[in-house]
Amino acid sequence: MNSQSCVSIQKEWDIVAARQMGREIAKQLGFGTVDQARITTAISELARNIYLYAGEGQICFEIVETLEQKGMTIVATDSGPGIEDLSLVMQDGYTTSGGLGAGLPGVRRLMDDFDMESEVGHGTRIVTTKWVR
Amino acid sequence: MDTKDLDAKSYTDFLKRYIETRDEQALYGAEQVSKSFIKNQISPEEIVHLHIQSLLEIYPEIQDQIQLSMNFLLEAMIAYGLAHQEYQLLREKQLRIKSEIDVAAGMQSMLMQSEVPNTDELDIGVISVPANQMNGDYHHFVKGKDGAISIAIADIIGKGIPAALSMSMIKYAMDSFPESEMSTNAILASLNRVVERNVDPSMFITMFYAQYKPDTGKLYYSSAGHEPGFYYSNKTKSFHEFEAKGLVLGVDPDTTYVQSEIDIEKDDMVILLTDGVTECRKGDTFIERDELLEVIKTYMHLPAQDIVNHVYRYFERIQNFQLRDDFTLVILKKVV
């Protein structure tokens, strides 16, 4: 199986659409309630980042399957201003949105695998996966 | 069964017992399980999940509304759990930093240690307590071949680690001077050049330097902008402030200092201090220098070390046991 579904993020309302689509996929894959909630929170953070800092972008979901396990990958892309200091934004306690957001370190903690690329002036792409336990 | 499963089982048991009997013991059980959750870093959302599972186990027929409301609570707890995790990590980080500073502070106090010299003529008491972990005050004693006793007391404008680092430099600079052979003003002038060359221009160091010479029975002293100390004359039973003017160290390399002198007689007393003593605060107001003298008067019949200890305890208490600045007090009593 290798299907992909995307939600484009332009307005705050789109965050809810992304959450909803993500939760459905997580449920179908057999994630438990707690993990469903975690995945959804990660989607929210990624979508909010796009909405707040890049203006627009998209959140895509992929189902990934290996011989031993299956999981769900979230790909968040935008063509916003990009992030200059990646290590800094991955530091705990560093949040630009007033300190209450989980931030990217939060996303990394909610998910299992996390990777990020960013180019100043061109945009950011974050790929993060959670495996069904 | 691992701890997590055991805790989950006791949670269910205590919950069931509580619902059936409203028993205080069950609530006490909940408190114990909760502590175990914290110890094993179980997140709030996992506890809510456990609660849902427990409820379903006890009441398989539970109403949809209840279960949905619990799912709602679980969702609400996710961000809280993340914030809590972050707090835990920052706390660990902070503990690591604190223990590193503790090691540095230990090294500093070992390096800066200055033993009180043994002399028949003077009874010397000293106390130096940092406001934070590292001390930005400095004092030292040197006993010369001729029995002269030199005392330096210094304060750096600023406190904490940068102050402490600068103080280490002062110590090593002074170690290289033949102190007991130099006049007090020459020592300050030499030190001034070292500080001017080596310390950040935004930092200033004040110092009071005194030398007691047994052959003349006089105390010689110079000051580089330091908080003036006091001299107690037993003959007139009165305290006098040391009058000594001089620019703080590190401003101008060509500064010169003046040496003054006083006669010291039996039962006279010399009090040297840093502004951490006189700038003790009682609520919002600074203490008066007179108040310090009153406290010293109360204890001045005691040996010098007991006087400084009592004075420190007095000021520690009126500041609610939280020093705002490094506190250093040296008292010399002439005993013969």
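The values are calculated or read from the model by the stated rules, or taken from the named source; none is laboratory data. What you are looking at is a predicted structure, and each value in this text was computed from that prediction instead of being measured. Here the Cβ is made from the backbone with ideal geometry for all residues, glycine too, and neighbour counts use every protein chain on show.
Rundown of residues vs (1) surrounded by 14 or more Cβ atoms within 10 Å (Cβ to Cβ); (2) at pLDDT 95 or above; (3) among the polar types (S, T, N, Q); (4) not assigned by TED's automatic domain parsing to the domain that holds B:S190, yes/no style:
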{"residue": "B:N234", "(1), (2), (3), (4)": "yes, no, yes, no"}
{"residue": "B:H240", "(1), (2), (3), (4)": "no, no, no, no"}
{"residue": "B:V251", "(1), (2), (3), (4)": "yes, no, no, no"}
{"residue": "B:G276", "(1), (2), (3), (4)": "yes, no, no, no"}
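Within region B:311-328, which residues are assigned to a helix (DSSP H, G or I) and surrounded by fewer than 17 Cβ atoms within 10 Å (Cβ to Cβ)?
Initially, region B:311-328 is screened for residues assigned to a helix (DSSP H, G or I), giving B:311-318.
Within region B:311-328, B:R313, B:E316, B:R317, B:I318 meet the criteria.
Screening B:K93, B:K35 for residues that are more than 10 Å from chain A (Cβ to nearest Cβ), in a helix (DSSP H, G or I) and among the charged types (D, E, K, R) leaves exactly one candidate, B:K35.
Can you pull out the residues in region A:5-18 that are part of a helix (DSSP H, G or I) and either among the small types (G, A, S) or more than 20 Å from A:R125 (Cβ to Cβ) (or both)?
Of all residues in region A:5-18, those part of a helix (DSSP H, G or I) come to A:12-18.
Result: A:E12, A:W13, A:V16, A:A17, A:A18.
Could you grab me the full set of residues in region B:168-185 that are modelled with pLDDT of 90 or more and either under 27 Å from the mean Cα position of the chain (by Cα) or surrounded by fewer than 17 Cβ atoms within 10 Å (Cβ to Cβ) (or both)? Answer for region B:168-185, where residues must be modelled with pLDDT of 90 or more and either under 27 Å from the mean Cα position of the chain (by Cα) or surrounded by fewer than 17 Cβ atoms within 10 Å (Cβ to Cβ) (or both): just B:S183. The lone criterion from (1) at pLDDT 90 or above; (2) more than 16 Å from the chain's Cα centre (by Cα); (3) more than 14 Å from chain B (Cβ to nearest Cβ) left unmet by A:L88 is number (1).
Checking region B:150-159 against the condition returns a match, with at least one residue being at pLDDT below 80 and among the charged types (D, E, K, R). Taking region B:1-26 as the range and being surrounded by 15 or more Cβ atoms within 10 Å (Cβ to Cβ) and within 14 Å of chain A (Cβ to nearest Cβ) as the test, only B:A8 passes.
Looking across region A:116-130, just one residue is out of contact with any strand residue (DSSP E or B) (no Cβ under 9 Å at 6 or more places or on another chain) and among the β-branched types (V, I, T), and that is A:V120.
Tell me whether region B:112-124 contains one or more residues that are assigned to a helix (DSSP H, G or I) and over 21 Å from A:P105 (Cα atoms).
Let us first name the residues in region B:112-124 that are assigned to a helix (DSSP H, G or I), namely B:112.
Narrowing further to those that are over 21 Å from A:P105 (Cα atoms): B:112.
Yes, that holds for at least one residue.
Taking region B:131-151, which residues are within 15 Å of B:L111 (Cβ to Cβ) and either buried (at least 23 other Cβ atoms within 10 Å of the Cβ) or within 17 Å of the chain's Cα centre (by Cα) (or both)? Within region B:131-151, B:Q133, B:M134, B:N135, B:G136, B:D137, B:Y138, B:H139 meet the criteria. Among the conditions (1) more than 14 Å from every other protein chain (Cβ to nearest Cβ); (2) in a helix (DSSP H, G or I); (3) surrounded by fewer than 16 Cβ atoms within 10 Å (Cβ to Cβ); (4) not basic (K, R), B:G29 misses just one, which is (3).
Annotation note: of A:T96, A:T41, the sole residue that is within 27 Å of B:R91 (Cα to Cα), at pLDDT below 90 and of a type in the set (V, I, T) is A:T96. Sort out which residues of region B:201-224 are buried (at least 20 other Cβ atoms within 10 Å of the Cβ), modelled with pLDDT of 90 or more and of a type outside the set (V, I, T), and write them in order of number. Correct list: B:M207, B:F208, B:Y209, B:A210, B:Q211, B:Y212, B:L219, B:Y221, B:S222, B:S223, B:A224.
Just give me the residues in region B:46-57 being among the charged types (D, E, K, R) and at the interface with chain A (Cβ under 10 Å from one of its Cβ atoms), in sequence order. Break it down into steps so the answer makes sense when it comes.
Within region B:46-57, the first condition is being among the charged types (D, E, K, R), and the residues that meet it are B:46, B:57.
If the condition is that a residue be among the charged types (D, E, K, R) and at the interface with chain A (Cβ under 10 Å from one of its Cβ atoms), then B:E46 is the only one that fits.
If only residues of region B:1-49 that are of a type in the set (V, I, T) and more than 21 Å from B:P60 (Cα to Cα) are counted, the one that is farthest from the chain's Cα centre (by Cα) is B:T3. Only residues that are assigned to a helix (DSSP H, G or I) and farther than 23 Å from A:M111 by Cα were counted across region B:54-78, and they come to 11. Consider region B:58-84 and keep the residues that are of a type outside the set (V, I, T), surrounded by 12 or more Cβ atoms within 10 Å (Cβ to Cβ) and more than 19 Å from A:Q36 (Cβ to Cβ). The one that is farthest from the other protein chains (Cβ to nearest Cβ) is B:Y59.
For B:D284, state whether it is within 31 Å of the chain's Cα centre (by Cα), assigned by TED's automatic domain parsing to the domain that holds B:G144, farther than 22 Å from B:A152 by Cα and modelled with pLDDT under 95.
Working: within 31 Å of the chain's Cα centre (by Cα): yes; assigned by TED's automatic domain parsing to the domain that holds B:G144: yes; farther than 22 Å from B:A152 by Cα: yes; modelled with pLDDT under 95: yes.
Yes; evaluated as a whole, the condition is true for this residue.
Mind listing just one residue for me: the one in region A:19-66 that is out of contact with any strand residue (DSSP E or B) (no Cβ under 7 Å at 6 or more places or on another chain) and assigned to a loop (DSSP other than H, G, I, E, B) and, of those, nearest to the other protein chains (Cβ to nearest Cβ)?
Just the residues of region A:19-66 that are out of contact with any strand residue (DSSP E or B) (no Cβ under 7 Å at 6 or more places or on another chain), to begin with: A:19-20, A:23-24, A:27-28, A:30-34, A:36-38, A:40-41, A:44-45, A:48-49, A:52-53, A:55, A:65-66.
From what is left, the residues that are assigned to a loop (DSSP other than H, G, I, E, B) are A:30-32, A:55, A:66.
Numbers: A:G30: 16, A:F31: 12, A:G32: 8, A:G55: 24, A:T66: 26 Å.
Ranking the qualifying residues of region A:19-66, first place goes to A:G32.
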